[in-house]
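All remarks here apply to the structure that follows.
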Amino acid sequence: GRAPPRPGSCCGGPAVKRVKIGDPIGRGSFGTVKRGLCVDRGEQLAIKETEIREGRRADLAAIQQEYELYKGMEHPNIVRQHGFYYGEVDGRRMARIYMEYMPGGCLA
């Protein structure tokens, strides 16, 4: 299998640029989706944020797999993936998927 990302790693899109994190717009069993803004491009984003607790590497693998699955897909009914980040945020290990913001869309 593929090695999990190192803390502080990120790839692609606004994940490596300045992003302002806004209020939550949805919650699920795997984490919270927040509104975001890519400062450099002025683009609104949705940011799926999942805390990776000690001993829960399977959660990190699952969210990374989700990102890898959808990042190369292009279809009007599939939200575009812009980037992935794994690292420390406010003292907690977090994984984030940066994706296209779809107002009025379903988070399922």
Calculate the FRET efficiency for residue 40 and residue 62 from the Cβ-Cβ distance with a Förster distance of 30 Å, rounded to the nearest 0.05. 0.50
Of the heavy-atom accessible surface of segment 19-100 (probe 1.4 angstrom), what whole percent is carbon and sulfur? 44 percent
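The values are calculated or read from the model by the stated rules, or taken from the named source; none is laboratory data. What you see is a predicted model, and the numbers here were worked out from it, not measured in a lab. All Cβ positions, even for glycine, are placed from backbone atoms using ideal geometry, and neighbour counts span all protein chains on display. Heavy atoms of the whole protein, side chains included, go into the accessibility calculation; ligands, DNA and RNA do not. Shrake-Rupley method; radii C 1.70, N 1.55, O 1.52, S 1.80 Å.
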